[in-house]
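Trainee: After the structure tokens below, expect a handful of questions from me.
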Amino acid sequence: MGVLRQFENEAFRDFINNKKQDVIDQYVFEINEYVEDKIDCTKCGACCKSLMINVTSNESENASIYLKMSEQDFKEKYIEESQQGMMVINSIPCHFLENDKCTIYENRFKECRDFPHLNKPNFSKRLFATLIHYSICPIIFNVVEQLKIKTNFLNEH
Ligand code: SF4
Ligand code: SF4
């Protein structure tokens, strides 16, 4: 992302923080629905090359069954486990991405399904984290750019 766009996005964050959160959420839900419909995640996979994916023990069990391997083998091969028991996929890009496609798509993890979280409330509070992926995720890019228009930000700055 260029420096000018970075400054613009920082100004946008301050601008959004001064707006009513529920109004912004409603705008984001509407814009996101429109944008998501136009972008095919199965032809993108950019987030799979940059996100650290958390995995729950249920998901680890399900994925190992899906891949027809023991859970122990699955964990040894694909998971890094903290001393507190937190599990993450041990490789970025994700192991399961091949030719920009998820090879376990039907069984992908909740964190993969939820990204980029634009259908959840409190967009304003999550905007800092969302903007980190602005140049990576075309859904985020388009929603943020359309939100700048919808809120009149571009005319005021
Ligand atoms: S499991 Fe699939 S959707 Fe999730 S990060 Fe890996 S390749 Fe992407
Ligand atoms: S980066 Fe965004 S558009 Fe691309 S696959 Fe991930 S969520 Fe979908």
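The values are calculated or read from the model by the stated rules, or taken from the named source; none is laboratory data. Model, not experiment: these values are computed from the prediction. Positions of Cβ are backbone-derived with ideal geometry, glycine not excepted, and every protein chain shown enters the neighbour counts.
Trainee: When both residues are 6+ apart or on different chains and their Cβ atoms are under 6 Å apart, which pairs have a first residue that lies in the stretch 113-125 and is farther than 20 Å from Asp14 by Cβ, and a second that is in a loop (DSSP other than H, G, I, E, B)?
Mentor: If the second residue must be in a loop (DSSP other than H, G, I, E, B), the pairs left are Pro116/Cys137.
Trainee: Please state which of the following conditions Leu131 fails to meet, knowing it meets all the rest: (1) touching a Ser or Thr at 6+ places or on another chain (Cβ under 7 Å); (2) crowded, with 17+ Cβ neighbours inside 10 Å.
Mentor: Here Leu131 meets the rest and fails (1).
Trainee: Can I ask one more? Given (1) in the same structural domain as Asp40 (by TED's automatic domain parsing); (2) within 11 Å of ligand 1 (Cβ to nearest atom), identify the lone condition not met by Cys94.
Mentor: All conditions are met except number (1).
Trainee: Here's a follow-up. Could you grab the pairs with beta carbons closer than 7 Å, sequence gap of 6+ or different chains, first residue in the stretch 25-51 and farther than 20 Å from Ser91 by Cβ and among the aliphatic types (A, V, I, L, M), second one within 14 Å of ligand 2 (Cβ to nearest atom) and assigned to a loop (DSSP other than H, G, I, E, B)?
Mentor: Val28/Leu118
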